[in-house]
Amino acid sequence: VPLAMEIKMKKILIYFFLMILPFLVFYLQVPFLSDLTIGNDYVACALREQMELQYSLEHGTFPLYIPGFHGGQTSAALTLGQLYHPLSHLAAALPGYWNGNALKWLTLLRLLSLGLAHLGLFILLRRLHVNTIFSFIISFITVYNLRMLDMFRSGALENYTGFLFLCMAMAFYYLKPTRFKG
């Protein structure tokens, strides 16, 4: 019994490490501890568009035309606002979002989504019977790469993690198809 408990504790520690890894990789911009960001585009693009869309939805409207946005484009140009992604709505519901903490909440949720994506991919690779070390390396390279960094900076990280979650869901379903998962 102690061996089973030790194995379970190791698994929990690995999962915990994978969840906090984004905060270690991006230690300079950990929300609520640092005011540094990943780039000037991160503050200028994603946050402003997200707040514009959330403000419109909060007041029962939908922005069909955004004056001043790249010469007055339609609201379809505000894709960085992530209207249909739950992280955007969750961030807007958190305390302090409208009072100056929107960037911190959004960064925190994005780092958590990276941790969840890494954890899910690691679990998938382990279910495929890949060695623990190789599972970590493959999942790390898949989640943390230059494309992810560019999408994080430009504010489209939800698209990247959403794609990873979709691929993982299809793989988990393929491994063990059930009516509920389908």
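Of the conditions (1) surrounded by 16 or more Cβ atoms within 10 Å (Cβ to Cβ); (2) farther than 23 Å from Leu47 by Cβ; (3) of a type in the set (Lys, Arg), Arg179 clears all except one; give me its number.
Condition not satisfied by Arg179: (1).
Return the residues of region 114-168 that are open to solvent by less than 10 Å² (accessible area, probe 1.4 Å), free of Cβ contacts under 8 Å to residues at least 40 places away in the same chain and not hydroxyl-bearing (Ser, Thr, Tyr); say none if nothing qualifies.
Val143, Met148
The values are calculated or read from the model by the stated rules, or taken from the named source; none is laboratory data. None of the values given here were measured: they were computed from a predicted structure. Cβ: placed from backbone, ideal geometry, glycine included. Neighbour counts: every protein chain shown. For the accessible areas, the whole protein counts, side chains as well, though only heavy atoms, and no ligand, DNA or RNA atoms are used. Shrake-Rupley method; radii C 1.70, N 1.55, O 1.52, S 1.80 Å.
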